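Everything on this sheet refers to the single structure shown next.
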Amino acid sequence: MKLLPVLRVSAFLACLIPLARLLWLGFHDGLGANPIEFITRSTGTWTLTFLLATLAITPLRRLSGWPWPIRLRRMLGLFAFFYACLHFTTYIWLDQFFDLSGIYRDILKRPFITIGFSSFLLLIPLAATSTQAMMRRLGGRNWQRLHRLVYLVAIGGVVHYWWLVKKDVTQPAIYAAVLALLLGYRLWFHFFSSSPLFFRKR
Amino acid sequence: MLIKRPSDILPSEITERKIYLGRRQFLQSMPGAVAAALAPGLFATPTFAAEKLPISRKSPFSTTEQATPHKEVTTYNNFYEFGTDKSDPAQAAKTLITRPWTVSIEGEVKRPKVYGVEELLRLAPLEERIYRLRCVEGWSMVIPWLGFSLSEIIHRAEPTGSAKYVEFVSLHDPRQMPGQRSGVLGWPYVEGLRLDEAMHPLTLLAFGLYGEVLPQQNGAPLRLVVPWKYGFKSAKSIVKIRLVEKPPVSAWIRAAPGEYGFFSNVNPAVDHPRWSQARERRIGEFLKRPTLPFNGYGDQVARLYAGMDLKKFF
């Protein structure tokens, strides 16, 4: 069946929509009065969205029993990294304009930047070991252990957003709630995995 | 003394806008006029076209910096009564009814009074004042306001000896202000100044911008503009001006006492607890520029704070 390649190609293209939208708005004077803030916010929230989408794969697979979601997980994770790179580049380039001492001070002094930067750093090894070859080299168990860092990254990302808003935490609270659900499901599954209620582990 | 006056930027800007707006007014007034003729009672508030305000004089307090375009000034607003996104107010504030409107000046005064906004507009000649506006979030604009010094109204009310502070209360009406249905801030919005700050000639009671009555999203029908303080100190859509003995507790102090102080003077040396205030992005510019103490109005206002530790009284 040729469904999988079609699925993967369409998912890939769909994942590029946020970037395409930013470019389109950028060329059509659509980024508002503070374009740099707009780009920063947009790439940031899409990073979180892709992180959450990546974390939704396992619960989706277990609850539905479908095998195909797992085939999209690496792509979603890499897109999270891609948007995180855009977000970080926007900060370094457009926002700070390579003012290294300013960036250094920000990272040390501003808790929301400290945690955002740390989460970004933690994503790098995950992206770097995302290939089949790296998976084989590390061995499944080690690879899985390393990739559990994504939980920390997602928590850090949400906290980064939460700490940065001035007062209205509605948006970060939505991401936090979804993340809590996804992580809560894992805890529940971990402790009650013998339950035959849902599709069984392996 | 040499007073440098670079070639005027402003008149040309305003002339162009007149032509530009003339077209819109013409188009917009046609259905309006027809509707008004059919149902005069419904159209007592002419909010469909921006009304011009007479400029009696230009102000020596004006900056010669390039003014931020009208579009940005009226579409990028922090006005939590209409939502917390900066693009919200331009849409949501259309529900705000600004005429009739009354403002009461009360408290520790010998002559309290309730003004209608029309009466208030005739209280003193309207000046154009082009001020820098620095938001606590780290962006800034240059805005040609129209108004007169707040002192005009305060001195007419004759503050008593115990008047030490001035409290500004904004409209509280969740039907007109949808953002007030959320508890993001305690309502109504309250701000405050020390009496000497309020009486300072720079402190402006603004009724318009770019030669027209204030758009609703900018704090219509009247707002405060305190250019040496972060933008949130400049209360919008004011209904009450109270002279009081004790420092008023502002909406932002109530919401986050550790992050917002009573004075909130623009100060690059005192960071917001969560972000730096050393630099700002002027809307329309790419690179950030350094933030100036008192937003560049130090010559006029620094003496108000002589001897005060501005890190402590942030």
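The values are calculated or read from the model by the stated rules, or taken from the named source; none is laboratory data. Everything numeric here is computed off the predicted structure, so don't read it as measured data. Glycine gets a Cβ as well: all are built from the backbone with ideal geometry, and neighbour counts include every protein chain shown.
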Looking at the stretch A:29-49, can you tell me whether even one residue there is surrounded by fewer than 15 Cβ atoms within 10 Å (Cβ to Cβ), part of a loop (DSSP other than H, G, I, E, B) and either of a type in the set (G, A, S) or more than 19 Å from the chain's Cα centre (by Cα) (or both)? yes
Taking interchain pairs and intrachain pairs at least six residues apart, which have beta carbon atoms under 7 angstrom, with the first residue in the stretch B:262-274 and free of Cβ contacts under 8 Å to residues at least 60 places away in the same chain and the second assigned to a loop (DSSP other than H, G, I, E, B) and basic (K, R)? B:V270/B:K311; B:R274/A:R110
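Residue-wise test of (1) among the polar types (S, T, N, Q); (2) under 18 Å from B:G208 (Cβ atoms); (3) assigned to a strand (DSSP E or B).
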| position | (1), (2), (3) |
| --- | --- |
| B:R99 | no, yes, no |
| B:V103 | no, yes, yes |
| B:R111 | no, no, no |
| B:Y115 | no, yes, yes |
| B:E118 | no, yes, no |
| B:P125 | no, yes, no |
| B:V136 | no, no, no |
| B:I154 | no, no, no |
| B:A163 | no, no, no |
Whichever residue in the stretch B:171-204 is touching a helix residue (DSSP H, G or I) at 6+ places or on another chain (Cβ under 7 Å) and of a type in the set (S, T, N, Q) and, among such residues, is nearest to the other protein chains (Cβ to nearest Cβ): B:Q180
Pull out all pairs, ordered by first then second residue, where Cβ-Cβ is under 8 Å, the residues are six or more apart or on different chains, the first lies in the stretch A:123-148 and is in contact (Cβ under 8 Å) with a residue 12 or more places away in the chain, and the second is of a type in the set (S, T, Y) and surrounded by 13 or more Cβ atoms within 10 Å (Cβ to Cβ). A:W143/A:T129; A:L146/A:T129; A:H147/A:T129
Take the residues of the stretch B:92-122 that are among the small types (G, A, S) and touching a residue at least 24 places away in the same chain (Cβ under 8 Å): which is farthest from B:E152 (Cα to Cα)? B:A92
Check whether at least one residue in the stretch B:78-91 is touching a residue at least 40 places away in the same chain (Cβ under 8 Å) and closer than 12 Å to B:Y210 by Cβ, and report yes or no. no
Helices (runs of 4 or more DSSP H) lying entirely in the stretch A:83-202 (those with 3 or more residues that are closer than 22 Å to A:T47 by Cα and away from chain B (no Cβ under 14 Å)): A:111-128, A:140-147, A:149-164, A:170-191
Considering the stretch B:169-186, residues that are surrounded by 20 or more Cβ atoms within 10 Å (Cβ to Cβ) and touching a Pro at 6+ places or on another chain (Cβ under 8 Å), and then whichever is farthest from B:V226 (Cα to Cα), we arrive at B:Q180
Would you check if there is a residue in the stretch B:54-73 being closer than 22 Å to B:L224 by Cβ, at pLDDT below 95 and aliphatic (A, V, I, L, M)? yes
Under 7 Å between Cβ atoms, at least 6 apart or on separate chains: pull out the pairs that start in the stretch B:288-314 with a residue that is farther than 27 Å from B:P257 by Cβ and end on any residue that is acidic (D, E). B:K288/B:E280; B:R289/B:E280
Counted residues, the stretch B:231-250 - those being more than 10 Å from every other protein chain (Cβ to nearest Cβ) and within 28 Å of A:G32 (Cα to Cα): 7
Matching residues, the stretch B:278-314, being within 21 Å of the chain's Cα centre (by Cα), within 12 Å of chain A (Cβ to nearest Cβ) and at pLDDT 95 or above: B:E280, B:R281, B:R282, B:I283
